[in-house]
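Chemist: Starting off with a structure, shown below.
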Amino acid sequence: MLFKQQAWLRQKLLVLGSLAVGSLLYLVARVGSLDRLQPICPVEGRFGARGQAEFPLRALQFKRGLLHEFRKGNSSKEQVHLQDLVQQLPKAIIIGVRKGGTRALLEMLNLHPAVVKASQEIHFFDNDDNYAKGIEWYRKKMPFSYPQQITIEKSPAYFITEEVPERIYKMNSSIKLLIIVREPTTRAISDYTQVLEGKERKNKTYYKFEKLAIDPNTCEVNTKYKAVRTSIYTKHLERWLKYFPIEQFHIVDGDRLITEPLPELQLVEKFLNLPPRISQYNLYFNATRGFYCLRFNIIFNKCLAGSKGRIHPEVDPSVITKLRKFFHPFNQKFYQITGRTLNWP
């Protein structure tokens, strides 16, 4: 009899122990995803005065599944917080450029507790079918956030699409516009590399970069090649300046964001009138990947997708020299218009 009681007691203790371990693992997982919900800090500038507006420290990426999870809970405090969540139109947009580092910039800005990012490229303003669906369709594509937070989306095709400046102006004439650029020749080769990889995945052949970038008939730079046209930044920017003053643009150095991201992010914080919150703690160099990754807290780290940082094919040095000579006068004008000189050859 005593033996049976001891066996029963051991079984109960084993069950209780399993439940305790399971509960502990669940709490750790919750902390990993929600630990920044509880602390609060003020938003400064146009998005709220210090000491008045407060927001949860977590840069919330609320999806309906997570909302449902909260609603199943018993915490009335969490439910009250949920009632404040809204889907806002963006107060800032990363409008380009393609292969300039738009994804890296968006993910890094998402480290800031006042910033909430749209995870996918919406392509609202550059896609006629999407634009025809109306502004409420666009709003519904935005993540849930608190009113004091800034929603940011990025669609690099915006920068080069002719209709986009007017369409964004009609939505919000005072919106903040972020343009991240890289050295034009490097960006063009990166653009080519991405397309080349897509072709290879489908077992398709593709021209060498040199044949696309240089017109075989004239031996001059082929301005009909999209990768080249996109890198003529000043031509596209001039179209935007018909609707927005230069003060509403901020130029991010995409090359520097790779090697020294924090100073670039601090400049963006200032441009968006945000209190400084992103620190060196949030950025660590991953030697295996060869670029900086993100640290949200002691539990949650994130690196960009493996498709980032592709190895570029070797390009004929004479073609690189020809391209840099071609881009040089456009670069000088870009510096003059934006007021920012970059270390491009």
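The values are calculated or read from the model by the stated rules, or taken from the named source; none is laboratory data. Because the structure is a prediction, the values reported are computed rather than measured. Reconstructed Cβ throughout: ideal geometry from the backbone, glycine too, with neighbour counts over all protein chains shown. Quick note on the areas: whole protein, heavy atoms, side chains included, nothing else; ligands and nucleic acids left out. Shrake-Rupley method; radii C 1.70, N 1.55, O 1.52, S 1.80 Å.
Chemist: Out of the residues in segment 310-325 that are open to solvent by 50 Å² or more (accessible area, probe 1.4 Å) and part of a loop (DSSP other than H, G, I, E, B), state the one that is modelled with the lowest pLDDT.
Modeler: Only one residue fits best here, namely 310.
Chemist: So how many residues does segment 97-135 have that are in contact (Cβ under 8 Å) with a residue 60 or more places away in the chain, on the phi < 0 side of the Ramachandran plot and basic (Lys, Arg)?
Modeler: 2
Chemist: A follow-up question, please. For segment 269-294, name all the residues that are hydrophobic (A, V, I, L, M, F, W, C) and touching a strand residue (DSSP E or B) at 6+ places or on another chain (Cβ under 7 Å).
Modeler: The answer is 271, 272, 283, 285, 293, 294.
Chemist: Just need a number here: residues in segment 101-142 that are more than 20 Å from residue 304 (Cα to Cα) and open to solvent by less than 10 Å² (accessible area, probe 1.4 Å).
Modeler: Residues meeting the conditions: 5.
Chemist: Further question on the same structure: Take segment 284-309 and flag every residue that is within 15 Å of residue 191 (Cβ to Cβ) and open to solvent by 60 Å² or more (accessible area, probe 1.4 Å).
Modeler: The answer is 308, 309.
Chemist: Residue pairs, Cβ under 8 Å, 6 or more apart or interchain, first in segment 183-205 and without any contact (Cβ under 8 Å) to a residue 24 or more places away in the chain, second open to solvent by 50 Å² or more (accessible area, probe 1.4 Å) and among the basic types (Lys, Arg). List them.
Modeler: 205/199
Chemist: So which residues in segment 196-224 are within 30 Å of the chain's Cα centre (by Cα) and not basic (Lys, Arg), if there are any at all?
Modeler: Result: 196, 197, 198, 200, 206, 209, 212, 213, 223.
Chemist: Out of (1) at pLDDT 95 or above; (2) open to solvent by 10 Å² or more (accessible area, probe 1.4 Å); (3) closer than 27 Å to residue 326 by Cβ, the odd one out for residue 198 is which?
Modeler: The failed condition is (1).
Chemist: Find all pairs meeting these conditions: Cβ atoms under 6 angstrom apart; at least six residues apart or on different chains; first residue within segment 139-151 and within 20 Å of residue 269 (Cβ to Cβ) and free of Cβ contacts under 8 Å to residues at least 24 places away in the same chain; second residue of a type outside the set (A, V, I, L, M) and part of a strand (DSSP E or B).
Modeler: none
Chemist: What helices (runs of 4 or more DSSP H) completely inside segment 218-278 contain at least 3 residues that are open to solvent by 50 Å² or more (accessible area, probe 1.4 Å), closer than 23 Å to residue 153 by Cβ and free of Cβ contacts under 8 Å to residues at least 40 places away in the same chain?
Modeler: In segment 218-278, 261-271 are the helices (runs of 4 or more DSSP H) which contain 3 or more residues that are open to solvent by 50 Å² or more (accessible area, probe 1.4 Å), closer than 23 Å to residue 153 by Cβ and free of Cβ contacts under 8 Å to residues at least 40 places away in the same chain.
Chemist: Okay, moving on. Tell me, please, whether a residue that is among the polar types (S, T, N, Q), open to solvent by 10 Å² or more (accessible area, probe 1.4 Å) and part of a helix (DSSP H, G or I) can be found in segment 173-187.
Modeler: So far as segment 173-187 goes, yes, one or more of its residues are among the polar types (S, T, N, Q), open to solvent by 10 Å² or more (accessible area, probe 1.4 Å) and part of a helix (DSSP H, G or I).
Chemist: One residue is enough: does segment 157-167 have a residue meeting the conditions open to solvent by 10 Å² or more (accessible area, probe 1.4 Å), closer than 19 Å to residue 99 by Cβ, at pLDDT 95 or above and outside any helix (DSSP H, G or I)?
Modeler: yes
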